Amino acid sequence: MSSEASLPGGGGIRFLRSLGILIGGECSERIQVTSRWEAWLDEDGMTAGKPVNPDVTRLAQSFGWRFSFHGPVIITRLTMDAAPTALSPGQVDAILMMTGGGP
């Protein structure tokens, strides 16, 4: 199931702590899915036995990724300064439509 989440902006410790709570992991991994979006997930999700996240896996595979994402995944906008940034409303709508969570 896909949904929206709010995180503190700009990266930093508050962002990482909030992210850790949402993804349920101690070590987060950042993967650039497209030139505009990146995924944050539990680096140990698969080995920890977290189930495949079908929505994000399908989204990433539509952009050429060949593996499955496990557990909760947070998608943020990719910016030039590399700081995690909230998605625009249009990006949220596009991702939700692609993952079946439509607006």
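The values are calculated or read from the model by the stated rules, or taken from the named source; none is laboratory data. The shown structure was predicted, so the numbers you read here are calculated from the model rather than taken from an experiment. All Cβ positions, even for glycine, are placed from backbone atoms using ideal geometry, and neighbour counts span all protein chains on display.
General observations
- In the stretch 52-91, the residue that is nearest to Ser3 (Cα to Cα) out of those that are β-branched (Val, Ile, Thr) and modelled with pLDDT under 85 is Thr85.
- Reported count of residues in the stretch 39-68, each being surrounded by 19 or more Cβ atoms within 10 Å (Cβ to Cβ) and within 23 Å of Met97 (Cβ to Cβ), is 8.
- Scanning the stretch 56-90 for residues that are part of a helix (DSSP H, G or I) and under 22 Å from Leu16 (Cα atoms) turns up just one, Val56.
- Summed over the stretch 91-103, residues that are in a loop (DSSP other than H, G, I, E, B) and either touching a residue at least 24 places away in the same chain (Cβ under 8 Å) or closer than 15 Å to Thr34 by Cβ (or both) total 3.
- Among (1) at negative phi; (2) touching a strand residue (DSSP E or B) at 6+ places or on another chain (Cβ under 6 Å); (3) surrounded by 15 or more Cβ atoms within 10 Å (Cβ to Cβ); (4) in contact (Cβ under 8 Å) with a residue 40 or more places away in the chain - the single one Gly71 does not satisfy: (1)
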